[in-house]
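Please read the structure below before turning to the comments.
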Amino acid sequence: MPEQETGLIVVDVKKILSIAGIALVLFFVIAQPGQAANLVGNIVDFLRSSAEAVITFVSNVFNG
């Protein structure tokens, strides 16, 4: 079946949101580098403590 011309512009929303997200991160890093570094440090600390909690849970499950 041949495609019909509808006159609509196809917009790739995922691509637009990705570009907007990258632009927002770059703006935040350039405008406030100290706070950006603190935010990254907080995220890393959260991920580390979450991983430690999961490890503790799994070891308690298997060790009784």
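The values are calculated or read from the model by the stated rules, or taken from the named source; none is laboratory data. This is a predicted model, so every value here is computed, not measured. Please note: Cβ atoms are built from the backbone with ideal geometry, for glycine as well, and neighbour counts cover all protein chains shown.
Annotations
- Criterion: among the β-branched types (Val, Ile, Thr) and modelled with pLDDT of 95 or more - qualifying residue of Val10, Val25, Val29, Val54: Val54
- Residue that is nearest to the chain's Cα centre (by Cα) [pool: residues in segment 6-44 that are in a loop (DSSP other than H, G, I, E, B) and among the polar types (S, T, N, Q)]: Gln32
- Taking every residue in segment 11-29 that is surrounded by 10 or more Cβ atoms within 10 Å (Cβ to Cβ) and pairing it with any residue that is of a type outside the set (Val, Ile, Thr), at least 6 positions away or on another chain, the pairs with Cβ-Cβ distances below 7 Å are Phe28/Ala36; Val29/Ala36.
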